[in-house]
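Pasting a structure below so you can have a look.
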Amino acid sequence: MHVNTELLHGAYAPEETTGATALPIFQSASFAYETAEELEAIFAGRDAGYVYSRINNPTLDRFERRMTVLEDGLASVSCSSGMAAISTAVLTLAGSGDEIVSGSSIFGGTYSLFAQTLPRYGITTRFVETTNVEAYQAAVTSRTKLIFVETVGNPKLDVPDIAAIAAIAKEHGIVLMVDNTVTTPVLCKPKALGADIVVHSTSKCINGHGNAIGGIIVDCGSFDWSNPRYAHLKPFYDRVRNFAFVANLRNRVHRDLGGCFSPFNAFLMSIGIESLAVRMERHCTNAARVAETLSQDTRVDEVRYPGLPDHPDYSVATRQFSGGFGPLLTLRLGTKDRAFGFINALQRAQNLANLGDAKTLVVHPASTFCRDATEAERQAMGVTDDLVRLSIGIEHVDDILEDIEQALNSAS
Ligand SMILES: Cc1ncc(COP(=O)(O)O)c(C=O)c1O
């Protein structure tokens, strides 16, 4: 199937008992069984069955299966947010004394998790320049438990060479975890580039309508979980072989941390999945047109968009993405005052901290989601005071350009 057909039909069938075509919302905390023996068998893993919605739930299960198909994976676990997905996935792999190697231009929330929160629990991160492949090699130690990159750094919009980084991860037998939030499986399939685990904030393009928060962890099925670097997974590997990561995740770490997804939000995300391909197509053509137009505009100091031929990672992006370069672009406007003036003058684009919505969005990263970072960290993330991030929506492109034009005029 082509991806736009897969979005509608992959792992999807009408509900078995009623024939309902929309995903039924099983809004139930728990699931009852006739006998104590039945429940015992499910808890013991001898029989399959739902027990409690913190651990599994039929609505979540169907959403997870759809995401697994889209990422060509083995199995998925949904979480209450993108950050819940990233933190839970990391804690399934790493513990006190372990290390992460991560690109430095990642989303501010993930950066803060790696730089501030995890060190308090003994997990440290070696940040490297995101596009410098040799730096990943140099940062690996015997304690490295994962290499982490985003398909497109947010908001620097740099594009790491995932296949080259995957080769390093493979050489050392280390998991490569890729955040595919900005590109989605429509534009990029990290597994085909060598990723082992894919994570998403489904709050963004997958949902597409800014009405729910969610996240997902997909095991691509490519990693050999008998690898002694992950000795804590051995008991799971002995029982369930290549499902060892997912078993430790669902039956231990996710169960214990409790960042479970709500069935209603899974319902909303499932609706989002169905129109993802057409939205991504329009996000990409609109964003490319805005980027091209603004790159000719002398009122803008710099336009960053991975689809512009003068972007430093244009050739990597062209190789790794198909069908476009995503909804995000950034502008530098010279000063923070001009950046604020531009944002305040926009009439249709909404000023908020989100991306991938059907509507065009704008945000000033330095004063919002990168606010916690130090000056040096902001520099590594490509965040300057005059930087504005636009998430281009699916409106008619002429209306988006008109709004930007009048805002630039009034900010000048
Ligand atoms: C690339 C990326 N990953 C993860 C997240 C975190 O997702 P959530 O807000 O759903 O926790 C975000 C949020 O902006 C993001 O942009």
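Read-outs throughout are calculated quantities, based only on the coordinates presented, and are distinct from any laboratory measurement. Since the structure is predicted, the reported quantities are computational estimates derived from the model, not experimental observations. Cβ placement follows ideal geometry from the backbone for every residue including glycine, while neighbour counts extend to all protein chains displayed.
Looking at region 3-272, send over the antiparallel percent of its DSSP beta bridges, to the nearest 5.
Rounded to the nearest five, the antiparallel share is 40 percent.
Something else: List the equivalent ellipsoid semi-axes of region 277-411 in whole Å, largest first, each obtained as the square root of 5λ for an eigenvalue λ of the Cα gyration tensor.
So the three semi-axes of region 277-411 are 21, 19, 14 Å.
Pick from Gln350, Gln137, Gln27 the residue whose mean-square fluctuation is largest in a GNM of the chain, springs joining Cα atoms under 10 Å.
Most flexible of the set in this elastic network: Gln27.
In addition: Given Val303, Ser203, Phe114, which one lies farthest toward the positive end of the charge dipole of the chain, if we put +1 on the Cβ of every Lys and Arg and -1 on the Cβ of every Asp and Glu?
Phe114
Taking other Cβ within 10 Å of each residue's Cβ, how do Lys336, Lys156 sort, fewest first?
Ordered from fewest to most neighbouring Cβ atoms within 10 Å, Lys336, Lys156 come out as Lys336, Lys156.
With r defined as the distance between the Cβ atoms of Arg120 and Thr18 and R0 fixed at 35 Å, what FRET efficiency is calculated, to the nearest 0.05?
According to the calculation, E is roughly 0.15.
For Gly334, what residues show an amide H to amide H distance below 5 Å, using hydrogens built from the backbone and excluding near sequence neighbours?
Residues meeting the criterion, in which the H sits 1.01 Å from N, are Asp301.
Something else now. Measuring from label point to label point, each 7 Å out along Cα→Cβ, what is the Glu402 to Ser96 span in nm?
Result for the modelled spin labels: 6.2 nm.
Report the Cα centroid-to-centroid distance between region 29-46 and region 232-258 in angstrom, as an integer.
Taking the Cα centre of region 232-258 as reference, the centre of region 29-46 is 19 Å away.
Tell me, how many Å apart are the Cα centres for region 71-101 and for region 304-349?
Spelled out, the Cα-based centre of one part sits 29 Å from the other.
Which FRET efficiency, nearest 0.05, do Leu352 and Ala11 yield, Cβ-Cβ r, R0 35 Å?
0.65
From the square roots a ≥ b ≥ c of the eigenvalues of the alpha-carbon gyration tensor of region 246-313, which class results: rounded (a/c under 1.5), prolate (a/b over b/c), or oblate? It would help to have the intermediate numbers written out before the result.
Working: a/c = 3.70, a/b = 2.26, b/c = 1.63.
Since a/c reaches 1.5 and a/b is larger than b/c, the shape of region 246-313 is classed as prolate.
From the cross-link list Lys145/Lys234; Lys336/Lys359; Lys170/Lys204, which pairs have alpha carbons spaced over 19 Å apart?
From Lys145/Lys234; Lys336/Lys359; Lys170/Lys204, over 19 Å: Lys336/Lys359; Lys170/Lys204.
Now a separate question. Once amide H atoms are built 1.01 Å from N in the peptide plane, which residues 5 or more positions from Asn207, or in another chain, come under 5 Å H to H?
Result for Asn207 returns nothing.
Suppose a student asked you for the relative contact order of region 143-190, using Cα pairs under 8 Å spaced at least 6 residues apart; what percent would you report?
Taking the mean separation of contacting Cα pairs over the length of region 143-190, I get 48 percent.
So if I place +1 on the C-beta of Lys and Arg and -1 on the C-beta of Asp and Glu, and nothing else carries charge, what would the dipole magnitude of region 240-290 be about its Cα centre? I want it in debye, nearest 20.
Here region 240-290 has a charge dipole of around 140 debye.
Treat each spin label as a single point 7 Å out from the Cα along the C-beta direction, and report the Lys336 to Glu171 distance in nm.
My value for the distance between the label points is 4.2 nm.
Please list, short to long, the whole-number percent of alpha-carbon pairs of the chain in consecutive 20 angstrom bins beginning at zero.
Bin by bin from 0 Å, the calculated values are 27, 56, 15, 1.
Antiparallel versus total DSSP beta bridges in region 86-212: what percent is that, nearest 5? Intermediate results must be reported in sequence, preceding the final value.
Values: 0 of 17 bridges.
The antiparallel fraction comes to roughly 0 percent.
Considering only DSSP states other than H, G, I, E and B, which GluC sites (Glu not before Pro) in region 272-347 qualify as loop sites with at most 16 other Cβ atoms within 10 Å?
none
Using θ = phi - 60° and the Karplus curve 6.51 cos²θ - 1.76 cosθ + 1.60, what whole-Hz ³J(HN,Hα) does each residue of region 282-297 get, with Gly and Pro shown as x?
Per-residue couplings from phi come out as 6, 3, 5, 5, 5, 5, 4, 5, 5, 4, 4, 5, 6, 5, 8, 9 Hz.
Additional query: Starting from the exponent 0.38 and prefactor 2.2 Å, build the expected Rg for region 90-143 from its residue count and divide its actual Cα Rg by it.
So the Cα radius of gyration is 1.09 times the expected 2.2 N^0.38 Å.
Then there's this: To the nearest 20 debye, what charge dipole does region 277-411 have about its Cα centre, counting +1 at the Cβ of each Lys and Arg and -1 at the Cβ of each Asp and Glu?
That gives a dipole near 260 debye.
Neighbour counts of other C-beta atoms within 10 Å: give me Asp72, Asp310 arranged from fewest to most.
In increasing order of surrounding Cβ atoms, one gets Asp310, Asp72.
Work out the length of the dipole vector of the chain about its Cα centre, built from +1 on the beta-carbon of each Lys and Arg and -1 on the beta-carbon of each Asp and Glu, and round it to the nearest 20 debye.
660 debye
If I model a spin label as a point 7 Å beyond the Cα along the Cα-Cβ vector, how far apart are those points for Asp256 and Tyr314 in nm?
5.0 nm
If Rh is defined by the Kirkwood formula over all Cα pairs and Rg also comes from Cα, what ratio Rg/Rh do you get for region 1-134?
1.07
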